[in-house]
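Visitor: Sharing a structure with you now.
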Amino acid sequence: MRVRLSDLTSAAAVQAALDEYEKLGKSAFLQKYGFKEARSYLVRNPKTQGVADSKAIAGAALAHQYPGHGGLSAAEFSGGANTVQRALERLGFEVITATSDRVANSDWSEAEVAATVADYLAMLMAELSGQVVNKSAHRRALLSKLNERSESAVEFKHANISAAMLELGLPYIKGYQPRSNFQRDALLREIEVQISQHPRFDKVVADAVAREAIELEREDFAAVKEPAPERQLEVREPLPWRQPRAFKRDYLEREAANSSLGRAGEDFVVRFERWRLLQLGLAQLAEKVEHVAVTKGDGLGYDILSFDLSGERRYIEVKTTAFGKRTPFFVSSNEVEFARSESDRFRLYRVFDFREEPRFFELAGRIESNCSLDPHSFKASLL
């Protein structure tokens with residue numbers, strides 16, 4: 001069957017494409033469907049308020065509407081206001097004009113940075129408190145305080161703030177995926193100042209990281225595994241040593257020490273592994289999946305003993321967060337060494353968004369092969 005853009009009539013198919021975009025990440029989604037990055041038009045995901053490349057979403061949506069077809073490739077139809085924008089808006093989706101990276105990230109004034117950071121922190125506190133955040137309303141109110149910025153420029157800045165938040169060891173807003181920073185020092189300084197002066201920020205975040213967690217029973221794990229996020233590597237000269245910042249918040253460390261969250265994440269993975277083996281017809285192996293962190297203790301370098309298709313052992317270390325997919329995590333020297341010694345059989349499962357819709361991605365082999373390891377602390381001995 002040959003389809004055309006005019007055959008796109010399903011809003012559900014567009015939403016499915018937007019959900020897939022969020023799940024895979026921009027680069028993987030564009031590569032899968034054969035599109036380049038959008039230069040002019042972005043479509044908003046009404047669920048998350050994030051934005052996606054409109055032409056790629058339209059082409060992929062046809063694959064969802066007509067299963068088995070594969071959708072339209074970039075060369076098979078044209079984008080623009082009279083084609084893709086009209087098709088998506090007809091189905092009730094908001095399409096905005098994208099600005100180039102140069103324009104979107106041109107230097108913002110101190111007042112613009114301050115207003116945007118304040119709005120970001122207000123949304124984050126509401127989200128961590130369990131409130132529904134209307135990101136569109138926040139964005140419209142913020143635009144009146146900025147110097148003729150576009151909506152897509154604000155989206156870029158929110159993503160820049162998310163990256164700065166992670167650099168400072170802070171959680172970020174879901175839907176604003178961290179993106180390489182521009183005006184890095186200005187953002188970091190402003191975030192530090194506003195958090196240090198905010199009367200309630202520390203308590204709201206501290207309460208969120210310490211909250212008890214329980215793994216709920218479930219039967220279907222088909223949609224819980226996602227691809228690992230792409231590493232954002234940059235080739236550049238080493239930065240000179242700089243005086244460490246006085247600003248210090250250890251929220252992510254405190255969340256990592258939340259034993260109820262860690263145990264609930266491990267229980268989630270134990271159930272997934274048993275489900276996975278049952279789906280493969282390996283009921284006997286499923287029965288042998290062992291939560292060794294409970295049965296044998298925490299010092300083995302892994303939490304769960306499972307098996308692959310051939311019956312070979314799989315050693316799984318679980319790291320769980322209630323925050324987003326790119327939230328950093330902490331590993332011990334014992335876990336790093338064990339992963340090196342059992343690199344063929346070691347897996348690290350990073351569980352994220354645990355309190356809302358828990359999902360995970362898998363990192364196989366040596367931890368340092370998949371992650372940048374920053375020295376966190378040293379044992380000092382007088383011997």
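The values are calculated or read from the model by the stated rules, or taken from the named source; none is laboratory data. Being a predicted model, the structure only gives us computed values, none of them experimental. Surface areas here come from the heavy atoms of the whole protein model, side chains and all, with no ligands, DNA or RNA. Shrake-Rupley method; radii C 1.70, N 1.55, O 1.52, S 1.80 Å.
Visitor: What are the membrane-span-like helices in the chain by this rule: whole DSSP H runs, Cα extent along the axis at least 15 Å, mean Kyte-Doolittle hydropathy at least -1.0?
Guide: Taking the DSSP H segments of the chain (at least 15 Å long, mean hydropathy at least -1.0), we get 11-24, 54-65, 110-128, 151-167, 184-197, 259-279.
Visitor: Once each part is reduced to its C-alpha centroid, what is the distance from the stretch 273-293 to the stretch 308-383 in angstrom?
Guide: 20 Å
Visitor: Here's something else I'd like to know. How much of the accessible area of the chain, in percent, comes from carbon and sulfur atoms when a 1.4 Å probe is used? Display every interim value, and only then the final one.
Guide: On the way: 10060 of 20230 Å².
C and S atoms contribute 50 percent here.
Visitor: With each run of n ≥ 4 DSSP H residues scored as -39500 (n - 2.57), what mean residue ellipticity at 222 nm is computed for the chain after dividing by its residue count and rounding to the nearest 500 deg cm²/dmol?
Guide: The helix contribution divided over the chain gives -12500 deg cm²/dmol.
Visitor: Of LYS145/LYS203; LYS26/LYS47; LYS157/LYS203; LYS55/LYS145; LYS23/LYS288, which ones are farther than 20 Å apart at the Cα?
Guide: Result: LYS145/LYS203; LYS157/LYS203; LYS55/LYS145; LYS23/LYS288 exceed 20 Å.
Visitor: Would you indicate which of (i) 25, 54, 21, 0; (ii) 26, 57, 16, 0; (iii) 30, 62, 8, 0 is the value of P(r) over Cα pairs in 20 Å bins from 0, in percent derived from the coordinates of this structure?
Guide: Entry (i).
Visitor: Just to confirm my numbers, what's the Cα centroid distance between the stretch 108-175 and the stretch 52-94 in Å?
Guide: 29 Å
Visitor: Turning to a different aspect of this structure: Given contacts defined as C-alpha pairs under 8 Å and at least six residues apart, what's the relative contact order of the chain, whole-number percent?
Guide: 11 percent
Visitor: Take HIS291, HIS64 and sort them by solvent-accessible surface of the protein heavy atoms, 1.4 Å probe, largest at the top.
Guide: Greatest to least solvent exposure: HIS64, HIS291.
Visitor: Can you give me the P(r) profile for the stretch 111-194? Cα pairs, bins 5 angstrom wide beginning at 0, each as a whole percent.
Guide: 3, 15, 29, 28, 19, 6, 0
Visitor: Measuring with a 1.4 Å probe in the full set of protein chains, what accessible area per residue, in whole Å², belongs to the chain?
Guide: Value returned for the chain: 53 Å² of accessible area per residue.
Visitor: Let me ask you something else. Could you sort TYR66, TYR302 by their accessible area in this structure, using a 1.4 Å probe and putting the largest first?
Guide: Per-residue accessible area, sorted high to low, gives TYR66, TYR302.
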